[in-house]
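A short write-up of the structure that comes next.
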Amino acid sequence: MICEKILGKLENMNIQGKTLEYVDVEWHEAFKKIHRKTTNTGREVGIRLGDSVLKTGLLEGDVLYADQELIIAVRTPPCAVLKARVSPHHPEMIPKVCYEIGNRHAPLFFGEDIYTFVTPYDEPMLRLLSSFHGVEVERAVEALNFQGQISSQVGHSHHHGASPEEVGHS
């Protein structure tokens with residue numbers, strides 16, 4: 001089976017009486033155009049998407065196939081992450097934490113409050129962030145929330161400098 005577009009979100013579909021299958025798409029695969037996957041029931045699925053996935057990614061609940069009997073949706077499995085919590089007494093560390101994560105081209109996500117930031121686990125990043133005064137870092141396992149993504153480093157090529165449109169000037 002070949003899936004060539006995202007049909008919508010699972011929460012907006014009528015799934016009553018239908019078989020629901022999932023393909024797992026790891027966080028680091030979310031912005032790839034071509035995948036070969038197996039659903040949780042063993043069905044082989046080819047995914048071939050257009051360039052729009054390079055910007056939006058394949059997200060939890062994206063529906064790749066739907067008919068009267070079957071729906072196939074994306075599931076983003078939990079992964080090892082770092083949760084960096086900046087002390088409310090040291091808000092000046094928020095830009096430093098965000099800068100250092102971004103400077104290493106790691107994806108950056110909002111955490112559960114305005115002082116918490118999440119990035120995929122990396123031992124050098126753990127050591128760096130742990131060295132900052134007023135910042136507590138813990139390793140956890142959770143699914144990354146791409147709706148809470150701050151940076152767009154995943155799957156994008158590296159380049160410094162931005163066009164005037166990217167920085168809001170014309």
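The values are calculated or read from the model by the stated rules, or taken from the named source; none is laboratory data. As the structure is a prediction and not an experimental result, all values here were calculated from the model. All Cβ positions, even for glycine, are placed from backbone atoms using ideal geometry, and neighbour counts span all protein chains on display. Just so you know, the surface numbers come from the protein's heavy atoms only, side chains and all, with ligands and any DNA or RNA stripped out. Shrake-Rupley method; radii C 1.70, N 1.55, O 1.52, S 1.80 Å.
Tabulated results
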read-out	value
Matching residues, region 98-108, being open to solvent by less than 30 Å² (accessible area, probe 1.4 Å) and either under 14 Å from the mean Cα position of the chain (by Cα) or under 19 Å from residue 146 (Cα atoms) (or both)	101, 102, 106, 107, 108
Failed criterion for residue 40 (all others in (1) out of contact with any Asp or Glu (no Cβ under 7 Å at 6 or more places or on another chain); (2) in a loop (DSSP other than H, G, I, E, B); (3) at pLDDT 95 or above hold)	(1)
Odd one out for residue 154, checked against (1) open to solvent by 40 Å² or more (accessible area, probe 1.4 Å); (2) at pLDDT below 95; (3) closer than 13 Å to residue 27 by Cα	(1)
Output for region 93-108, where each listed residue is free of Cβ contacts under 8 Å to residues at least 60 places away in the same chain and either in contact with a Pro (Cβ under 9 Å, 6 or more places away or on another chain) or assigned to a loop (DSSP other than H, G, I, E, B) (or both)	101, 104, 105, 106, 108
Some residue of region 28-39 being more than 15 Å from the chain's Cα centre (by Cα) and aliphatic (A, V, I, L, M)	yes
Of all residues making up region 68-92, the number that are farther than 22 Å from residue 122 by Cβ, open to solvent by 50 Å² or more (accessible area, probe 1.4 Å) and either among the charged types (D, E, K, R) or part of a strand (DSSP E or B) (or both)	3
Residue that is surrounded by the most Cβ atoms within 10 Å (Cβ to Cβ), among those in region 32-67 that are in contact with a helix residue (DSSP H, G or I) (Cβ under 8 Å, 6 or more places away or on another chain) and on the phi < 0 side of the Ramachandran plot	62
Matching option when the condition is in contact with a Lys or Arg (Cβ under 7 Å, 6 or more places away or on another chain) and in contact (Cβ under 8 Å) with a residue 40 or more places away in the chain, among 21, 11	21
Residue in region 8-24 that is surrounded by the most Cβ atoms within 10 Å (Cβ to Cβ), counting only those that are part of a loop (DSSP other than H, G, I, E, B) and modelled with pLDDT under 95	13
Within region 109-127, considering residues that are buried (at least 16 other Cβ atoms within 10 Å of the Cβ) and of a type in the set (A, V, I, L, M), the one nearest to residue 79 (Cα to Cα)	118
